[in-house]
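Below is one structure, written out as structure tokens; comments come after it.
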Amino acid sequence: MQFRDRREAGQILAERLRVLQEKGALPEPVVLALPRGGVIVADEVARALQAPLDVLVARKIGAPFQPELGVGAIAGDDAPLFDKRTLDQLGLSEAELAPVVAREREELHRREQLYRQGRPAPELEGHTAVVVDDGVATGVTARAALRSLHQQHPERIALAVPVCSPEAFSLLRHEADDVVCLDRPSPFTAVGLWYEDFEQVTDDDVLAVLRRQ
């Protein structure tokens, strides 16, 4: 399945989630987008579920020689979550990645401050946290985000994405109460391949969506 753009993907994903909501599987939902790309998808989901929308900022830790290759991730003030198998394959140690972690932690805090504009994080106790992204490749960033959510004690946690790798889907099923993924193509390669238009989402795009809430 290839989506026209993130808006279309969000609309189709929202239809699937509405079915779950009508069955009572998503009580009192709060939609949390993984920025930046996930915000556009989550906007459609929040509209369909008639739920508040906020952000859950997580950052991928990339390999020093190939930043797009995720070897770990951070969310909130939690310790980094590393993909130890990938580290071993690349011959990297956690200590070697300390400068990358520090840089991503700084960017994480910058984005939280920018996107929240002084607003507190949403109250999740008694709610279903519906975490939305535009796709999942390795799953390490989503895992870090989901693990950080458990500390906020939501009633349930659901992860919803238009597309994900089969390997990531298997891993993430253990991190959330529900994982909704419209397509799990194999071979997967990269999230952007499953969109006709995968234009980069900017901070201004994110703020424009959040201001409409």
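The values are calculated or read from the model by the stated rules, or taken from the named source; none is laboratory data. Quick caveat, the model's predicted, so the values are computed rather than measured. Note: ideal-geometry Cβ built from the backbone for every residue, glycine included; neighbour counts use all protein chains shown.
Among residues of segment 8-25 that are under 16 Å from GLY135 (Cα atoms), those with a Cβ under 6 angstrom from a residue that is assigned to a helix (DSSP H, G or I) and not hydrophobic (A, V, I, L, M, F, W, C), sequence gap 6+ or separate chain, pair up as GLY10/GLU44; GLN11/GLU44; ALA14/GLU44.
Of all the listed residues (GLY91, GLY126, GLY118), the sole one being at positive phi, touching a residue at least 40 places away in the same chain (Cβ under 8 Å) and not polar (S, T, N, Q) is GLY126. Checking segment 198-213 against the condition returns no match, with no residue being over 15 Å from LEU34 (Cα atoms), in contact with a strand residue (DSSP E or B) (Cβ under 8 Å, 6 or more places away or on another chain) and of a type in the set (D, E, K, R). Mind telling me which of the residues VAL100, VAL57, VAL30, VAL45 ends up being touching a His at 6+ places or on another chain (Cβ under 8 Å), modelled with pLDDT of 95 or more and not small (Gly, Ala, Ser)? One residue alone meets the criteria, VAL30.
Residues in segment 17-52 that are among the small types (Gly, Ala, Ser), under 18 Å from the mean Cα position of the chain (by Cα) and within 21 Å of ARG156 (Cβ to Cβ): ALA33, GLY38, ALA42, ALA46, ALA51. You will find that of ARG105, ARG110, the residue that is loosely packed, with under 13 Cβ neighbours inside 10 Å, more than 16 Å from the chain's Cα centre (by Cα) and farther than 21 Å from GLN21 by Cβ is ARG110 and no other.
Filtering segment 40-67 to residues that are in contact with a strand residue (DSSP E or B) (Cβ under 6 Å, 6 or more places away or on another chain) and over 20 Å from GLU112 (Cβ atoms) leaves VAL45, LEU49, ALA51, ALA63.
Filtering ALA73, ALA14 for residues that are outside any loop (DSSP other than H, G, I, E, B), of a type in the set (A, V, I, L, M, F, W, C), assigned by TED's automatic domain parsing to the domain that holds ALA95 and under 16 Å from the mean Cα position of the chain (by Cα) leaves a single hit, ALA73. The helices (runs of 4 or more DSSP H) found wholly in segment 132-213 and carrying at least 2 residues that are modelled with pLDDT of 95 or more, within 24 Å of VAL19 (Cα to Cα) and touching a helix residue (DSSP H, G or I) at 6+ places or on another chain (Cβ under 8 Å) occupy 140-150, 166-172.
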